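What follows draws every value from the coordinates through simple rules; no lab data is involved. Source: prediction; values computed, not measured. Cβ sites come from the backbone with ideal geometry, for glycine too, and all protein chains shown count toward neighbours.
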Amino acid sequence: MKLKEETVNSKLIYDGKVVKLFLDKVKLPDESLANREIIKHSGGAAILLVDDNRVLLVKQFRYAYNEEIYEIPAGKLEDLENPEIAAVRELEEETGFVATKVDLLAKIFPTPGYTNEVIYIYHAKEYLKKQQKLDSGEFLKVEFIEIEKVLQMIDKGEICDAKTVTAVYKYLLKDNK
């Protein structure tokens, strides 16, 4: 049996700056019909910078969770933007570091049940320090934290951000091969 669902029709419910919400009717593999609420998102890019066994993190308030969270620098892809270019841009804007050599660490689907968002995670292998260029309305704290402490924070649930957890573990796995 094929697992693919076929779109019968699609209705745009909300067209926002960051997301578009669709209500789709789909035909399931057994020929029955079902509804799918889908959030379409342009995707994102994130970047991990490790210097002297310290991870560069930003701490910022995230309204959806009503708390300050630690995460690696990241941002939304602009229209058909190259994810590598976006990751380098976000690193500079948020932290003042400019990546001059990067490698793709991972491509993740953060919430595949209801969105098509894809996040590309890079590792800044070489970098320079320049000037931070925060966007208007963007407030964050930049911090280097020892990688062992970052692992403890992940273990204790103090760092829950999926892209950050993925980046740290992928980096450590790659580093140990």
Point to revise | R0 of 45 Å, Cβ-Cβ distance residue 155-residue 130: FRET efficiency to nearest 0.05 | key: 0.85
Check your understanding: Along the three principal axes, how long is the stretch 73-177 when you take its alpha carbons, biggest first, rounded to the nearest angstrom?
Key -> 34, 33, 30
Point to revise | Inter-part distance where the stretch 159-174 and the stretch 1-41 are each reduced to a Cα centre, Å | key: 30
Review point. Taking the chain as a Gaussian network, Cα atoms linked when under 10 Å apart, which of 125, 156, 133 shows the biggest mean-square fluctuation?
Key: 156
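Show me 159-166, 110-117, 148-155 ranked by packing, highest mean number of other Cβ atoms within 10 Å first. Walk me through the intermediate numbers first.
Details: 159-166: 19.2, 110-117: 13.2, 148-155: 14.9.
Ranked by mean Cβ neighbours within 10 Å, highest first: 159-166, 148-155, 110-117.
Length gain on complete extension for the stretch residue 3 to residue 15, per 0.36 nm per residue less the alpha carbon to alpha carbon distance?
Details: separation 12, 0.36 × 12 = 4.32 nm, distance 2.92 nm.
So the chain would gain 1.4 nm between residue 3 and residue 15.
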Review point. In nm, to one decimal, how far is the residue 101 label point from the residue 32 one, both placed 7 Å along Cα→Cβ?
Key: 5.6
Exercise for review: Bin width 10 Å, alpha-carbon pairs only: give the P(r) of the stretch 74-117 as whole percents, running from 0 to the bin holding the largest distance.
Suggested key: 24, 49, 24, 3
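What percent does the relative contact order of the chain come to when contacts are Cα pairs within less than 8 Å and at least six residues apart? Don't skip to the answer; put the middle values down first.
Numbers: 367 pairs, mean separation 37.9, N = 177.
This gives 21 percent for the chain.
Between rounded, prolate and oblate, where does the stretch 12-51 land on the alpha carbon gyration tensor, with a ≥ b ≥ c its root eigenvalues, rounded for a/c under 1.5, else prolate if a/b exceeds b/c? Numbers along the way, then the final one.
On the way: a/c = 6.93, a/b = 1.97, b/c = 3.52.
Oblate is the answer for the stretch 12-51, as a/c is 1.5 or above yet b/c matches or exceeds a/b.
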Point to revise | Spacing of the two label points (7 Å from each Cα toward its C-beta) at residue 64 and residue 24, in nm | key: 1.9
Check your understanding: Which label marks the calculated value of Cα extents along the principal axes in Å, given the options (i) 44, 35, 32; (ii) 78, 31, 26; (iii) 56, 39, 32?
Key -> (iii)
Review point. Counting pairs of alpha carbon atoms under 8 Å apart in space and at least six apart in sequence, what relative contact order in percent does the stretch 70-111 give?
Key: 30
